Amino acid sequence: MSASGAENKIMLMYRLQTDEGYRSIIVKTVPSSALSCIATCFLFIIAATAFAQSDYVPPRTEYGHSDLQGVWNFASHTPVQRAQRYGNREFLTAKEDEENRLQSITAFEARAESHFDGVGGYNSFWYERASIGYDLRTSLITYPANGRIPALAEGATMQSGGLSADIPGERPVRFVVGGISKDGPEDRGLSERCIVGFNAGPPFMPSSYNNNVQIIQHRDHVVIVTEMIHDARIVPLNAGPKLHDDIRLWSGDSRGHWDGDTLVVETRNFNGLTQSFTTSPNGDSYDKLLTERFTRVDIETVEYEFTIDDPSTFSDKITVMVPMTKVDGLLYEYACHEGNYGMTNMLRGARLQESMGK
């Protein structure tokens, strides 16, 4: 109960299978006390549906390709790595899924005294806490079979930078996050300067927010626009020679082709200044080959699968499956530095500490 006496309410969204594929069903705000009953009813329906229709025929573009165009959301509450208690089991049962969801809601509603002063915190209201999709996987990682990140290769590096103390280094700063000092904006990491983002990819991994991409198709190119940092990746299809090995890019060099109705994008020539796999601090991505596969499996779902092949970092490949759900809306401008009062206040705070002799 809140201070006003009104019961907490929660927005629910589920997806049900129809003759045309999966449709989003929105259950508007309901009392949290009723959630268990509602979740149970919907889980029986969801558990009875298939993950995708085997006979689904995707719409076509004017060029005859599978139509992947639109805005897609890749938020997910599925853990990246599989809990060891599941072993090689790829999917949850309906009962396990219900228990996990109720535990998450209970934890979210729990109230406890904070032991932090709030500096460096974030308003959890803005986090994307759940997904719309049908995924009952025990992990986003589908290979190796145990759903876990493989052992590191001998000599694998650890990527510098982070959200804690500044790390000594030289200008220009090449950390994605963190920085070398708070003397000026150029001493902060690239994400803090809105140059490279956390989940802007490639590849795309669910994060706290901005889990949206827009796909635009042409005969010879595909453009993938991310909400995070508002980056546009232009992917040539079956185009010419690859970049010379000496030319290295933050997001690599992407080249695509069609494998039936699946768009396959291979990306090489990463600059070696980012970790090999987003959720691991290891590796430098220099030798990484990233293969992404976009497959439309029903009217509202694209199965997004990617494989990381980086023998300099990991002892085996890593394959991840992330369902993308169609969004009936636009991809709005991502204002980063335009409203970046955090950077201003951080620098102001550092100057204040200096004036106080700290």
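Overview of values
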quantity	calculated
Checking M356 against (1) touching a residue at least 24 places away in the same chain (Cβ under 8 Å); (2) over 26 Å from R193 (Cβ atoms); (3) surrounded by fewer than 20 Cβ atoms within 10 Å (Cβ to Cβ), the condition it does not meet	(1)
Residue list for segment 285-327, filter: outside any strand (DSSP E or B) and under 18 Å from Q217 (Cα atoms)	I299, E300
Members of segment 54-73 that are more than 24 Å from the chain's Cα centre (by Cα) and either under 13 Å from V302 (Cα atoms) or not basic (K, R) (or both)	S54, D55, Y56, V57, P58, P59, T61, E62, Y63, G64, H65
Residue within segment 254-272 that is free of Cβ contacts under 8 Å to residues at least 24 places away in the same chain, of a type in the set (A, V, I, L, M) and part of a strand (DSSP E or B) present	no
Criterion violated by S191 - all others in (1) loosely packed, with under 15 Cβ neighbours inside 10 Å; (2) out of contact with any helix residue (DSSP H, G or I) (no Cβ under 9 Å at 6 or more places or on another chain); (3) touching a residue at least 12 places away in the same chain (Cβ under 8 Å) satisfied	(1)
Set F198, F175: member being of a type in the set (F, W, Y), out of contact with any Leu (no Cβ under 8 Å at 6 or more places or on another chain) and assigned by the TED database to the domain that holds D287	F198
Segment 136-151, subset of a type in the set (A, V, I, L, M, F, W, C) and in a loop (DSSP other than H, G, I, E, B), residue surrounded by the most Cβ atoms within 10 Å (Cβ to Cβ)	L140
Subset of segment 251-284 (residues that are closer than 22 Å to V222 by Cβ and aliphatic (A, V, I, L, M))	L263, V264, V265
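The values are calculated or read from the model by the stated rules, or taken from the named source; none is laboratory data. Just so you know, these numbers come straight off a predicted model, no measurement behind them. Neighbour counts run over all protein chains shown; Cβ positions are idealised from the backbone, glycine included.
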